[in-house]
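Here's the structure we're looking at; comments come further down.
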């Protein structure tokens, strides 16, 4: 019996992954002006859903930016090249997520409609994001949807990020439901893996950034993939009904 819905944030409720990609691309181009922002944005797709550290280190290695980032460590008073890279891109990113016009242009309306439906139906709701608390709350407050969630967990609340199931274990505990009583709404392969590893059924709504990785995942009775966002609410309702139906016993 499904008793709670848990939503991812970036790429699920709002396409902040697009904004993240752009901010990393601008930072990479600042470190190496010979790079095109387009090639960095394309490479970012391989790191969607991972922690800030993993994304930054992955892009630094991919484009051989370690030395250039090391030269900026003293400027930002940090100890690692990836931290300098993150600090370079964070100024751009925070400006983006502080602009209501930009965020509203990147809303995922059908995913948001599912959230509104869940609240109307009385389901407790959780949010599990790999964003840091400051950025996640900024996005939620600008969009005025923080109050839609009963529990919010960020990368700062766990030791291991997605695809590790830790954040889902934490959210189900805080929501006071078992894993089989929760339904996750995700967009990336790392998020889906985290939910399924926790024993939580999942509805995936992939974006252009994540579709390839999502469709490489093995089929599962506990996963539904929605490539046409207008079908999300119907698919989620049907899946909940299916999961709530008594299973027939084998003879």
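If I fit a long axis through the Cα atoms of helix 52-62 and take the longest principal axis of the Cα atoms of the chain, what angle between them do I get, 0 to 90°, rounded to 10?
50 degrees
Using only Cα atoms, locate the centre of region 1-57 and the centre of region 177-251, then give the distance between them in Å, rounded to an integer.
22 Å
Provide the gained length on full extension for the span residue 67 to residue 222, in nm with one decimal, where the gain is 0.36 nm per separating residue minus the Cα-Cα distance.
Working: separation 155, 0.36 × 155 = 55.80 nm, distance 4.45 nm.
Between residue 67 and residue 222, full extension yields 51.3 nm more.
Tilt of helix 81-97 relative to the longest C-alpha principal axis of the chain, in degrees (0 to 90, nearest 10)?
Here the helix axis deviates by roughly 70 degrees.
Please state the shape class of region 112-168: rounded when a/c is under 1.5, otherwise prolate if a/b exceeds b/c and oblate if not, all from the C-alpha gyration tensor. Working shown, then result.
Values: a/c = 2.65, a/b = 1.44, b/c = 1.84.
Cα axes put region 112-168 in the oblate bin.
Simple spin-label model, 7 Å along Cα-to-Cβ: residue 42 to residue 156 in nm?
Those two pseudo-labels are separated by 3.6 nm.
For the chain, set up a GNM with springs between Cα atoms under 10 Å and report which of 58, 213, 122 has the largest fluctuation.
122
Residue 147 to residue 234: FRET efficiency via 1/(1 + (r/R0)^6), r the Cβ-Cβ distance, R0 25 Å, to the nearest 0.05? It would help to have the intermediate numbers written out before the result.
On the way: r = 26 Å, r/R0 = 1.05.
Efficiency for this residue pair is about 0.45.
Against the longest alpha carbon principal axis of the chain, how many degrees, from 0 to 90 and to the nearest 10, is the axis of helix 109-120 turned?
On a 0 to 90 degree scale, this one is about 50.
Report the Rg/Rh value for region 17-100, based on alpha-carbon coordinates and the Kirkwood definition of Rh.
Values: Rg = 11.7 Å, Rh = 12.5 Å.
Expressed as Rg/Rh, it is 0.94.
We did not get these values from a lab; they are worked out from the coordinates using the rules stated. Because the structure is predicted, anything quoted here is derived from the model rather than measured. Using ideal geometry, Cβ is built from the backbone for each residue, glycine included, and neighbour counts are taken over all protein chains shown.
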